[in-house]
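The values are calculated or read from the model by the stated rules, or taken from the named source; none is laboratory data. The shown structure was predicted, so the numbers you read here are calculated from the model rather than taken from an experiment. Cβ placement follows ideal geometry from the backbone for every residue including glycine, while neighbour counts extend to all protein chains displayed. These accessible areas exclude ligands, DNA and RNA; they are computed on the full protein's heavy atoms, side chains included. Shrake-Rupley method; radii C 1.70, N 1.55, O 1.52, S 1.80 Å.
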Amino acid sequence: LKEVVADIDEEGLVKLDYAELPEALEALGYVTPDRQAIFDAATEAGLDPNDLQIDLSQLWKMLTVYRAKEGFSTAECEDIKASFTLYSQDGHIGTLEVGAALRRLGYSLNLDLTQQLFARVDLDMSG
């Protein structure tokens, strides 16, 4: 993490500007980080969005939240949870319900692709 920050930090202070966070996340392997998700993670980690730079410990706190939310913004997490709650039964969701939940979120997948996705995620086949 320190090496990534040092490579990106133009001032050499081992701190990042908020504008440098997407580049840092990409260097850590995240694909096309969403600025709103970064902002939400920073805010939930207790960082001041008006603070122009964050140090390594603040970056770690933000990354912990960002990883827990898997790169989704707060609004997206709420939408996903609402869809799961709407279509799940007893905390489990079946292939057809996953398709309906994904359509509710704006992703239209055919049944074959939904089943493939479901098989990759539901390792214990519990639904």
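Summary of computed values
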read-out: Probe 1.4 Å, protein heavy atoms only - accessible area per residue of the chain in square angstrom; value: 66 Å²
read-out: At R0 = 30 Å, FRET efficiency that the Cβ-Cβ distance of residue 28 and residue 115 yields, to 0.05; value: 0.40
read-out: Relative contact order for the chain, counting Cα pairs under 8 Å that sit 6 or more residues apart, in percent; value: 17 percent
read-out: Theoretical FRET efficiency, 1/(1+(r/R0)^6), r = Cβ-Cβ of residue 48 and residue 85, R0 41 Å, to 0.05; value: 0.80
read-out: Coil-residue GluC sites (Glu not before Pro) of the range 45-127, DSSP, other Cβ within 10 Å capped at 14; value: 70
read-out: Relative intensity, log₁₀ I(q)/I(0), of the chain from a Debye sum that treats every alpha carbon as a point, q = 0.12, 0.15, 0.16 Å⁻¹; value: -0.58, -0.78, -0.83
read-out: Value at 222 nm in deg cm²/dmol, rounded to 500, when DSSP H runs of n ≥ 4 in the chain each add -39,500 (n - 2.57); value: -17000 deg cm²/dmol
read-out: Helix axis angle, 56-68 relative to the chain longest principal axis, alpha carbon, degrees; value: 10 degrees
read-out: Added length on full extension, which subtracts the Cα-Cα distance from 0.36 nm per residue, residue 77 to residue 122; value: 14.3 nm
